Structures are given as C-alpha cells and as structure tokens.
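Below you'll find the structure, written out as structure tokens, and then a few comments.
The values are calculated or read from the model by the stated rules, or taken from the named source; none is laboratory data. All of these numbers come straight from a predicted model, not from anything done at the bench. Positions of Cβ are generated from backbone atoms using ideal geometry, with glycine treated the same way; all protein chains shown enter the neighbour counts. Ligands, DNA and RNA are stripped out before the accessible areas are found, and what is left, the full protein with its side chains, is counted by its heavy atoms. Shrake-Rupley method; radii C 1.70, N 1.55, O 1.52, S 1.80 Å.
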Amino acid sequence: MLLLALDTATPAVTVALHDGTDVIASSSQVDARRHGELLLPAVDRVLGQAGLALDAVTGIVVGTGPGPYTGLRVGLMTADTFGLALGVPVHGLCTLDGLAYATDLEGAFVVATDARRKEVYWARYADSHTRVTDPAVDRPADIAEQVQGLPAVGAGALLYPDTFPSAHEPEHVSAAALASLAARRLAAGEELPAPRPLYLRRPDAQVPKNYKVVTPK
C-alpha cells in the first residue's frame, strides 16, 4: 500500500505519503490564497523525499471538507485527476476527522475550523477517531450550549475563545493525520467514502438574477 493524501479545505496546503505502516513523507504550507499554486509542488516534494515516483501510488486520500468552495475543489479535482491517470481508487475523508485524529484528547471534544463570515465548520467527537455529529456550519454563539465544557481544536475554535475557552492546537489539518486515519480504516476492512465535497453552503459567487436589458438603437 502507498497512499497519497492531500487536503486543501483549510488554509493549509498539506500532502503526505503513507506506506500502510507509517507516514514516510509529508509537507504542509499555510496560505489561504495559493492552494492551486502550492499543491502540485508539494506533491512533487513529498515524492522526492520518499524517493518514489507518482506511479508507485496505489491509492489517493483527499479531504472532503467542509471548507470554502474555491480551496476545497483544488484538492478534490487534483485527487480525481491523479486517480484517473493512475487507475487507482480515490477515497474521501472528512477534513474535521483528520484534525480530530491528530489530537491526543481522551473523551468528548469538538473540532472547529474557520468558515469565515464569523462562522465555524464544526462537529463533536467521542474520541479521536469517532465523530458523533454531522459536520455543520454555525455562528459560534449559536452553538455555545452544545459545546459548553468540551475541549476544542482547530482554527475556528482558536478564533472564538468565548465559545471555546479551552481551545488549542492543532490549528489546521495535516495530510499525515488524514493518511494515517485512512490507512487504519482500510486495514480494518472499512470502505471509505467517495470523494464528495462537503460545502455546507452555497459559493459566494452567484449568477445575477436580473440582467440589464440593452436594446439596439
């Protein structure tokens, strides 16, 4: 097994290789505006670190969000393209699950990433690999009672200490954690989800409802 994992659902452009036992190479850069520019060089970098060519990859793992439309689709389209070119399966994993898996928390906690517009993408977890609620997007004040008293991780939690007073790192997802979680589930015989995006809300760009009528003179 050689899994290539990538995620662009947060400001982190993150890539990793997992050989079925451990992460053998990884790269993460935080830049919310350059996902498309940074992703392919990061893939080249981790392959170079591992001394492997792309055709050695036997499976792709991609973070499916939730996340902003523009950044998230960069990772998903790249994963689909690699899968088609190599003839290998493409697996999707919730980005929040990757963040949760990277923690050392015991017991219930919350993962929250920055959804912009003064909102967070969030979910509750029973432990580092068991999500107990569907991902959602909400204003922090609106979910304060639901997350009260729970530890929290992620950039969204760190941004809103009034709602998440015990928030701490990791701030962004790492492909290393995503790959490790995928490898664990595949080894257990689980079927991973399809790489379908979790946008949770409509994109900012909208087609105008009313077009200005221009008549010829």
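Residues are listed down the side, and each one gets a yes or a no for (1) free of Cβ contacts under 8 Å to residues at least 60 places away in the same chain; (2) aliphatic (A, V, I, L, M); (3) open to solvent by 10 Å² or more (accessible area, probe 1.4 Å); (4) within 18 Å of residue 158 (Cα to Cα):
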residue: 93; (1), (2), (3), (4): no, yes, no, no
residue: 119; (1), (2), (3), (4): yes, no, yes, yes
residue: 128; (1), (2), (3), (4): yes, no, yes, no
residue: 137; (1), (2), (3), (4): no, yes, yes, yes
residue: 142; (1), (2), (3), (4): yes, no, yes, yes
Filtered residues of the range 106-121 (kept if basic (Lys, Arg) and under 14 Å from residue 143 (Cα atoms)): 118
Segments classed as strands (runs of 3 or more DSSP E), wholly inside the range 3-58, with at least 1 members that are closer than 13 Å to residue 172 by Cα and open to solvent by 70 Å² or more (accessible area, probe 1.4 Å): 23-30
Some residue of the range 98-108 being within 19 Å of residue 196 (Cα to Cα) and open to solvent by 30 Å² or more (accessible area, probe 1.4 Å): no
Selected residue (criterion: least open to solvent (accessible area, probe 1.4 Å)) from residues of the range 146-170 that are over 18 Å from residue 108 (Cβ atoms) and not in a loop (DSSP other than H, G, I, E, B): 155
From 100, 79, residue being more than 25 Å from residue 36 (Cβ to Cβ) and either in a helix (DSSP H, G or I) or touching a residue at least 60 places away in the same chain (Cβ under 8 Å) (or both): 100
